[in-house]
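The structure under discussion appears below in the form of structure tokens.
FYI, it's all coordinate maths here, none of it is from the lab. Please read these numbers as outputs of a predicted model, since none were measured by experiment. Quick reminder, even Gly has a Cβ in these numbers, built from the backbone with ideal geometry, and neighbours come from all protein chains shown.
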Amino acid sequence: MKFCCDFRNIVACPYICSMIKNAHHPKYIALIEWLIASRKKQGLTVRQMAELIDEDFSLITKIEKRVRKLSAIEYYQYCEALKLDPMEGINIMKSTE
């Protein structure tokens with residue numbers, strides 16, 4: 001039996017759900033917009049954010065423009081630098097269609 005996750009329930013289903021691989025998916029866009037809004041709310045520029053995570057500012061720009069996707073560990077580090085609860089971002093994705 002296969003399992004399917006719609007981010008609200010994990011249920012048995014007759015097909016395999018595809019992984020979201022697209023940086024332009026509404027759930028990923030919502031997550032990145034939350035990270036951008038959080039950075040700006042804290043008054044941080046892209047360069048200042050880059051300094052916080054010891055990366056080049058171009059990486060932050062690429063992430064925020066959705067040219068480059070965040071890995072799970074990068075997402076955690078990004079949240080940690082901004083003093084955000086990573087689960088809040090997960091919940092944002094869960095509530096996005």
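Placing a pseudo-label 7 Å from each Cα along the Cα-to-Cβ vector at Lys65 and Met19 gives an inter-label distance of 2.6 nm. What do you get for Rg/Rh of region 54-97 when both radii come from the Cα atoms and Rh is the Kirkwood radius? Ratio of gyration radius to Kirkwood radius for region 54-97: 0.99.
Within a straight-line Cα-Cα reach of under 18 Å, Lys21 can be paired with the following lysines, leaving aside sequence neighbours fewer than 8 residues apart in one chain: Lys62, Lys65, Lys69, Lys94.
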